[in-house]
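Report on one structure; see the data block that follows.
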């Protein structure tokens with residue numbers, strides 16, 4: 001379980017970004033954090049992966065402090081997060097390499113996951129030979145390759161075409177359903193958040209204050225993995241309208 | 001046209017045109033420009049002589065030593081300057097200032113400081129090549145992607161691995177610097193040999209030929225200096241090619 005308890009954060013000599021943020025994400029739950037640009041979403045993620053330290057409060061990622069837990073992370077800038085001196089196979093296998101897996105075991109594991117996520121390009125390709133959608137999928141493979149307890153994604157669809165977005169959403173959902181994976185997505189797209197999540201948390205204006213009561217339950221008639229056709233149904237639209245109305249009447 | 005023909009035919013045609021122009025020029029001013037055949041004969045004769053072989057060895061050794069010093073001093077300093085904001089703010093202007101000074105202008109200063117022709121010549125070449133290495137490395141470090149180091153950290157990489165990731169990001173810029181430094185180093189070493197003299201060295205031999213007004217020999221030595229420069233550049237390119245392959249895609 002991911003637990004944030006009255007977490008605050010401020011960059012040196014600046015206004016606080018997070019004032020008191022509390023919420024929980026249960027095992028297997030998919031939660032989206034939505035908010036405008038500069039709302040503090042990326043700061044929150046930095047705290048969760050341990051690259052920044054809260055000025056107050058505490059964070060527990062499946063019982064461990066951030067930075068020590070087994071976390072899978074997909075960054076918004078997919079290309080910048082990959083190593084251009086390695087091919088796709090080596091990039092995807094990075095977490096396993098750091099865990100000391102043998103080359104053969106790494107290769108087997110990456111190939112298995114690549115097939116599952118329908119990576120339709122040779123793993124011998126270099127990152128600069130891949131399209132935006134392929135890069136993002138490669139990052140998802142890298143994030144899942146070591147079987148993390150939680151997958152955190154920062155604006156995973158920000159630079160993707162509609163086709164690439166739909167393809168990634170479908171395969172991501174399938175992978176999540178298969179593993180019972182906990183998912184935390186940061187996005188400013190309400191559509192993607194509703195489709196992928198069980199609950200949506202809308203960040204308040206800065207400094208962000210959350211008590212844990214802000215979670216909006218997504219009402220979906222389908223079990224996971226949800227069909228893409230759901231996005232065309234009135235029930236999908238109703239969820240979006242409900243969250244939008246909440247934004248207008250906080 | 002086959003790939004081999006299309007690759008080699010244009011330089012052969014270009015070279016032939018240049019030789020033809022040279023031959024025509026030599027016919028119009030034979031006292032200043034010796035014929036192509038005379039220079040070719042002189043070149044082959046010089047290449048067979050023990051003295052010129054020692055000259056080549058001396059010039060190449062001095063160049064490699066100067067470039068070695070330039071890399072040893074320029075790369076660490078450039079890496080610190082490029083990656084440390086405070087250092088860059090304090091001394092960034094110094095790079096622009098120093099690279100505006102022609103290294104040759106500093107020769108009297110080096111003679112005063114080192115009180116030895118050999119050391120002064122080496123100092124001048126190392127300074128010129130070092131500024132290139134410093135500027136190139138600082139640029140690479142300043143434009144590196146810190147996210148790649150963060151990725152390694154999130155997936156549990158050791159400090160050493162993270163350092164290696166940061167270094168890999170700078171290597172293409174270092175490779176560019178090495179290639180430019182080798183050419184510049186050779187130019188400055190030869191200039192130093194011409195001005196300060198030396199027992200062995202291509203610059204010394206060029207100067208001797210000029211004093212004796214042996215034009216065939218002087219032109220032949222110039223061709224040999226060009227060939228040495230070309231070979232050194234090719235060597236630098238081969239040695240750094242692996243780093244540069246991904247340099248265009250950082």
* Residue check, residue A:20 in contact with a strand residue (DSSP E or B) (Cβ under 7 Å, 6 or more places away or on another chain) and farther than 25 Å from residue A:168 by Cα -> yes
* Asked: In the list A:39, A:69, A:56, which residue meets the criterion of being surrounded by 15 or more Cβ atoms within 10 Å (Cβ to Cβ) and over 20 Å from residue A:199 (Cα atoms)?
  -> A:69
* Return the only residue of B:166, B:157, B:173, B:231 being surrounded by fewer than 22 Cβ atoms within 10 Å (Cβ to Cβ), within 14 Å of another protein chain (Cβ to nearest Cβ) and assigned to a helix (DSSP H, G or I). => B:166
* Asked: Among the listed residues B:246, B:219, which satisfies the condition of being within 14 Å of chain A (Cβ to nearest Cβ), touching a residue at least 60 places away in the same chain (Cβ under 8 Å), crowded, with 18+ Cβ neighbours inside 10 Å and in contact with a helix residue (DSSP H, G or I) (Cβ under 8 Å, 6 or more places away or on another chain)?
  -> B:246
* **So residue A:201, is it part of a helix (DSSP H, G or I) and either surrounded by 12 or more Cβ atoms within 10 Å (Cβ to Cβ) or in contact with a strand residue (DSSP E or B) (Cβ under 8 Å, 6 or more places away or on another chain) (or both)** => no
* Structure fact -> Among the residues of the stretch A:18-27, the number that are under 19 Å from residue A:180 (Cα atoms) and crowded, with 16+ Cβ neighbours inside 10 Å is 1
* Structure fact -> When the stretch B:43-96 is checked residue by residue, the ones that are outside any helix (DSSP H, G or I) and either in contact (Cβ under 8 Å) with a residue 40 or more places away in the chain or farther than 15 Å from residue B:134 by Cβ (or both) are B:48, B:49
* Asked: Looking at the stretch A:239-248, is at least one residue more than 30 Å from residue A:6 (Cβ to Cβ) and over 15 Å from the mean Cα position of the chain (by Cα)?
  -> yes
* To do: Sort out for me the strands (runs of 3 or more DSSP E) sitting completely within the stretch A:17-119 that have 2 or more residues that are within 14 Å of chain B (Cβ to nearest Cβ).
  => A:71-74
* Structure fact -> Within the stretch A:225-248, the residues that are in a helix (DSSP H, G or I) and free of Cβ contacts under 8 Å to residues at least 40 places away in the same chain are A:229, A:230, A:232, A:234, A:235, A:237, A:238, A:241, A:242, A:245, A:248
* To do: Out of the residues in the stretch B:138-154 that are more than 11 Å from chain A (Cβ to nearest Cβ) and surrounded by fewer than 19 Cβ atoms within 10 Å (Cβ to Cβ), state the one that is farthest from residue A:83 (Cα to Cα).
  => B:139
* more than 22 Å from residue A:79 (Cβ to Cβ), modelled with pLDDT under 90 and within 19 Å of the chain's Cα centre (by Cα): does that describe residue A:158? -> no
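Picking from A:79, A:83, which residue would you name as being within 25 Å of residue B:169 (Cβ to Cβ) and under 17 Å from the mean Cα position of the chain (by Cα)?
A:79
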* Is it true that residue B:135 is within 14 Å of another protein chain (Cβ to nearest Cβ), in contact (Cβ under 8 Å) with a residue 40 or more places away in the chain and either surrounded by fewer than 19 Cβ atoms within 10 Å (Cβ to Cβ) or not in a loop (DSSP other than H, G, I, E, B) (or both)? -> no
* Structure fact -> By residue number, the members of the stretch B:205-216 that are surrounded by fewer than 20 Cβ atoms within 10 Å (Cβ to Cβ) and touching a residue at least 40 places away in the same chain (Cβ under 8 Å) are B:215, B:216
* What do you reckon, is residue A:152 more than 14 Å from every other protein chain (Cβ to nearest Cβ), closer than 28 Å to residue A:61 by Cα and part of a strand (DSSP E or B)? -> no
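The values are calculated or read from the model by the stated rules, or taken from the named source; none is laboratory data. Quantities reported herein were computed from a predicted structural model and do not represent experimental measurements. No Cβ is skipped: glycine too gets one built from the backbone with ideal geometry, and neighbour counts run over all protein chains shown.
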